[in-house]
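Chemist: To start, I am sharing the structure in question, which I have written as structure tokens.
The values are calculated or read from the model by the stated rules, or taken from the named source; none is laboratory data. The model shown is predicted, which means the values in this text are computed figures rather than measured ones. Using ideal geometry, Cβ is built from the backbone for each residue, glycine included, and neighbour counts are taken over all protein chains shown. Keep in mind that these areas ignore ligands, DNA and RNA; they rest on the heavy atoms of the full protein, side chains included. Shrake-Rupley method; radii C 1.70, N 1.55, O 1.52, S 1.80 Å.
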Amino acid sequence: MEQSKVINGSRIWYGAVKLLIAAAAFMFIYMQVISKENFSNIVLEYRDVILRGGNGMMMTLVSVLMLVNWSLEALKWKMMMSKLEAIPFSRALSAVFSGLTVSFFTPNRIGEYAGRVFHLHTANRIKGTLVTILENLSQLIITIAIGSVSLVLYLNKYTELHSYLLWVTGVILLLFSGTLIFLFLEVPVLDAAAIKMKRLKKFKRYLEVLSEYKKSELLVILGLALLRYIVFTTQFFILLGVFGVHGSFATEILLINMVFFVMTLIPTFALAEIGVRGAVATFFLSNISMDSLAILNASVSLWLINLVIPAIAGIIFIFQFRFSREKAVKWY
């Protein structure tokens, strides 16, 4: 009887916490995004844009690509988590969405890790967080690698940097990107070596999971990260066209790569990101268009479609959080 009361009490407590997190997330997003005066102006702008010939279909395509984008991320996370727990794709996607929700009001989206690992049923949460960090690094590495190549091309095209300095910069960035990819693929080896260090031996029970990944598996994760990059680059390219920003295909892709590269290097809150993203996008894309409002609208649209809408949807999945693991598996 006493045990039953404890269980019921825990359920009520956990339910209250989930409700509090969901309510706080909704109010935070509402106050910082939806209630803003310029939000209604953006909605009206969308209406005008969609009414133009063909743009409705393009906006629909961008929305569909949003689902593709986060589905690829969910697939990455599901594959990485398979060493700890078999997760259905639907739960992985739910975890990704709720992770976005929690990340909305944390610096550099660090809350995303908690938003995901609380969807695990049996896996150790600390191990789950470490694996999630490793999985997220794959996307960071792809963005930096592509951004590094793009930076060299950008400097060559839009600056008068001496050819020698340009060559040196290119070599340094190439070596840096190659090193990041190499270290990512060699994580199992590096982890095995790290565990042997005296200072890290006490963390062996958590770190050992990183040694279980094969290089081929990590290569697949990088491939999925590359596909994701192609998807959201395509989204931005389409949105720029929808709002009337046009340039040669190669030039637009180069400048979009620079926007993503610089945004990756700037630490921001998700809600503050839109201002920074708009400024960065305007700076680079002004090379092909002086219509700063159109550039800003395209940038804001990408942010709303890829982050705000999924974050709002993720509020629902917060109620699927599990704050305690199933008893079948021992907590380490």
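Chemist: Could you state the accessible area per residue of the stretch 133-177 in Å², with a 1.4 Å probe and every protein chain left in place?
Modeler: Here the per-residue accessible area is 57 Å².
Chemist: On the protein heavy atoms, probe 1.4 angstrom, tell me the percent of accessible surface of the stretch 45-173 carried by carbon and sulfur.
Modeler: Carbon and sulfur: 71 percent of the exposed surface of the stretch 45-173.
Chemist: Relative to the Cα centre, what is the charge dipole magnitude of the stretch 65-187, using +1 at the beta carbon of each Lys and Arg, -1 at the beta carbon of each Asp and Glu, and rounding to the nearest 20 debye?
Modeler: 340 debye
Chemist: With a 1.4 Å probe and all protein chains left in place, how much of the accessible area of the stretch 195-300 comes from carbon and sulfur atoms, in whole percent?
Modeler: Using a 1.4 Å probe with all protein chains present, the stretch 195-300 comes out at 67 percent carbon and sulfur.
Chemist: With a 10 Å radius around each residue's Cβ, average the other Cβ atoms per peptide and rank 172-183, 126-137, highest first.
Modeler: In descending order of packing, they fall as 126-137, 172-183.
Chemist: Net charge within 11 Å of Gln320 by Cβ-Cβ distance, Lys/Arg positive one each and Asp/Glu negative one each, not counting Gln320 itself?
Modeler: Surrounding charge for Gln320 is +3.
Chemist: Given 20 °C and 1.002 mPa s, how large is the Stokes-Einstein diffusion coefficient of the stretch 138-181 in µm²/s, with Rh as the Kirkwood radius over Cα pairs?
Modeler: In µm²/s, the coefficient is 202.
Chemist: Follow-up question, since we're still on this one. Enter the accessible area per residue of the stretch 191-317 (Å², integer; probe 1.4 Å; all protein chains in place).
Modeler: Per-residue accessible area for the stretch 191-317 comes out at 45 Å².
Chemist: Still on this structure: Strictly over 18 Å apart at the Cα level, which of Lys83/Lys201; Lys127/Lys201; Lys76/Lys127; Lys78/Lys204; Lys83/Lys127; Lys83/Lys214 would you flag in this model?
Modeler: Correct reply: Lys83/Lys201; Lys78/Lys204.
Chemist: If you bin every alpha carbon distance in the stretch 107-242 into 5 Å steps from zero, what whole percent lands in each bin?
Modeler: Going from the shortest bin to the longest, the percentages are 2, 9, 13, 15, 17, 16, 11, 7, 5, 3, 1, 0.
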